[in-house]
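> Could you have a look at this structure, given as structure tokens, before my questions?
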Amino acid sequence: MQRPLAASLLTALALAMTLALGACSSAVAPAPKDTRAPAAPTGVTAVAGSASTVHVMWSAAGDDRAVAGYAVYREGRKVRDLPATTLMTDVVGLAPATRHRFTVRARDAAGNVSPPSATVTATTLPAVSEDRTPPTAPTALRVTAEGSRAATLRWFPARDDTRVTAYDVYQADARIHTVPGTATTAHLTGLRPGTAYAFTVRARDAAENSSPDSTPADLTTAPSPGAPPNTAPKDLDATAGKGEITLTWTPPKTGAPVTHHELHLNGRFATTIVWGATPPPGRATYTFPVQDPPGTRYTITLRAQLPDGTWGDFSAPRTVVVR
């Protein structure tokens, strides 16, 4: 009478093991293979900056997962591989007065490559005799917000002993956009809501001489719906003296005295500026020593400590050159 019971027990154990193995198998099943290629990049432009360079820009491509990088092609041959965070590049070493064709393709982490973008063309400038004189700085730079993620810059043209061939837009001392030398406007996209920006523009000639920076134009984009207002220090100014840098700014209005500010140099924390219980009224001033050689560039930002002890938004950056 015990044999049927033992057989039933063995059958039940076998069934349980089968179910357990099936569950384990489904738990470690590999993710579906990514076979879908990204969309082709759009908004591709090409601008000749000199007799030997062309600046290529494009808008970010879409993918069902994420774009991992971009490749730039000239006459169908790959000339640049770039990470997904980079949406522009200079193609160099070109022949003067020559027409070139450019396309851009996106790729994802699985190696899927998009179709090529629309083809754009640019003709390098004619070769010029040796030119060591840079253009003058563009003047009257101003910026107008367009929603919380875009803006338009406008300026008065620079002057050059030959001619201005391009204008380069900089944010935090990094070039983010280039337009032809005949343009006096630039449209910027991909900005972050509720963020303080400072933009400058430099003029460039055919010999790749760049002008000094224009006066900065500050912009704080509108916050996202429901987000708190921006708490960045305002109107930061940085002046280099011999062996020192002096900062002046207007602390944010927080409902309480602002006694602490964080100073960041080139994106890294440098020091905390502390005034104690009673900060100075009106604009604040702080001078600190620098030991780097003349010509060293610093990008400076500040943020204030809020009444709840947290740190507020960063100021618009300022770039200063050590004397």
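Every read-out reported here was derived from the displayed coordinates using simple, explicitly stated rules and does not represent laboratory data. Note that the coordinates shown come from a computational prediction; the quantities given were computed from them, not determined experimentally. Don't worry about glycine lacking a Cβ; one is built from the backbone with ideal geometry, like all the others, and counts go over all protein chains shown.
> Among the lysines, which fall within straight-line cross-link reach of residue 78, defined as a Cα-Cα distance under 19 Å, with same-chain neighbours fewer than 8 residues apart omitted?
Candidates past the 8-residue exclusion: nothing left.
> Rounded to the nearest 20 Debye, what is the dipole magnitude of region 234-321 about its Cα centre when Lys and Arg each give +1 and Asp and Glu each give -1 at the C-beta?
Roughly 120 debye for region 234-321.
> Under 19 Å Cα to Cα from residue 253, which aspartates and glutamates show up? Leave out anything in the same chain fewer than 8 places away.
Cross-link targets: 218, 235, 237, 262, 308, 313.
> Regarding region 42-123, what whole-number volume in Å³ per residue does the convex hull of its Cα atoms give?
Expressed per residue, the convex hull around the Cα atoms of region 42-123 is 77 Å³.
> Using 7 Å Cα-to-Cβ label points, what is the residue 272/residue 119 separation (nm, one decimal)?
For the pair residue 272/residue 119, the computed spacing is 6.1 nm.
> So, counting K/R as plus one and D/E as minus one, what does the shell of residues with Cβ under 14 Å around residue 130 add up to?
-3
> Residue by residue, what Karplus-based ³J(HN,Hα) values in Hz, rounded to whole numbers, does region 56-65 have, using 6.51, -1.76 and 1.60 with θ = phi - 60° and x for Gly and Pro?
Karplus values, whole Hz, x for Gly and Pro: 10, 10, 7, 8, 4, 8, x, 8, 5, 10.
> Using alpha carbons only, what's the Rg to Rh ratio of region 234-321 with Rh from Kirkwood?
So for region 234-321, dividing Rg by the Kirkwood Rh gives 0.96.
> Hey, what's the Kirkwood Rh for region 270-323 if you take every pair of different alpha carbons, in angstrom?
For region 270-323, the Kirkwood estimate is 13.5 Å.
> Also: Distance from the Cα centre of region 159-208 to that of region 223-267, in angstrom?
25 Å
> Note the full-extension length gain between residue 174 and residue 142 as 0.36 nm times their separation in residues minus their Cα-Cα distance, in nm to one decimal.
9.7 nm
> With springs only between Cα atoms under 10 Å, which of 173, 64, 313 fluctuates most in a Gaussian network model of the chain?
The residue that fluctuates most here is 64.
> For region 158-299, what ratio Rg/Rh do Cα atoms give with a Kirkwood hydrodynamic radius?
Rounded to two decimals, Rg over Rh is 1.02.
> Run the simple label-point estimate for residue 82 and residue 59 please: 7 Å along Cα→C-beta, distance reported in nm.
1.6 nm
> Report the gain in length on full extension from residue 127 to residue 227: 0.36 nm times residue separation, minus Cα-Cα distance, nm rounded to one decimal.
Extra length from residue 127 to residue 227 when fully extended: 30.7 nm.
> Here's a follow-up. Going 7 Å from the Cα of residue 256 toward and past its Cβ, which residues in region 299-323 have a backbone nitrogen under 15 Å from where you end up?
Answer for region 299-323: 304-312.
> Run the helix sum for the chain: -39,500 (n - 2.57) per DSSP H stretch of 4+ residues, divided by residue count, reported at 222 nm to the nearest 500 deg cm²/dmol.
Value at 222 nm, helices only: -3000 deg cm²/dmol.
> Another question, if that's okay. How high is the relative contact order of region 234-321, in percent, counting Cα pairs under 8 Å that sit 6 or more residues apart?
In percent, rounded to a whole number, it is 34.
> I would also like to ask the following. Could I get the Rg over Rh figure for region 139-220? Both from C-alpha atoms, Rh via Kirkwood, rounded to two places.
Radius of gyration relative to Kirkwood radius: 0.97.
> Using square roots of five times the C-alpha gyration tensor eigenvalues, list the equivalent-ellipsoid semi-axes of region 103-167 in whole Å, biggest first.
Here the semi-axes work out to 34, 24, 10 Å.
> Cut-off under 29 Å on the C-alpha distance; same-chain residues fewer than 8 positions from residue 242 excluded. Which lysines are left, in chain and number order?
Answer for residue 242, where 29 Å is the Cα cut-off: 234, listed by chain and number.
> Compute the normalised compactness of the chain: alpha-carbon radius of gyration over 2.2 N^0.38 Å, N being the residue count.
Taking the Cα Rg and dividing by 2.2 N^0.38 Å, one obtains 1.42.
> Please work out the FRET efficiency for the pair residue 97 and residue 310, using the Cβ-Cβ distance as r and a Förster radius of 45 Å; give the result to the nearest 0.05.
Once the sixth-power term is evaluated, E becomes 0.20.
> Using alpha carbons only, how many degrees (0 to 90, rounded to 10) separate the axis of helix 2-27 from the longest principal axis of the chain?
10 degrees
> Output ³J(HN,Hα) for region 241-256: one whole-Hz value per residue in order, computed from phi by the Karplus curve 6.51 cos²θ - 1.76 cosθ + 1.60 with θ = phi - 60°, and x for Gly and Pro.
Using θ = phi - 60°, the values come out as x, 6, x, 7, 10, 10, 10, 9, 6, 10, x, x, 8, 10, x, 8 Hz.
> Obtain the nm distance between the two label points defined at residue 323 and residue 35 by a simple spin-label model: each point lies 7 Å from its Cα along the Cα-to-C-beta direction.
Between residue 323 and residue 35, the simple spin-label model gives 6.8 nm.
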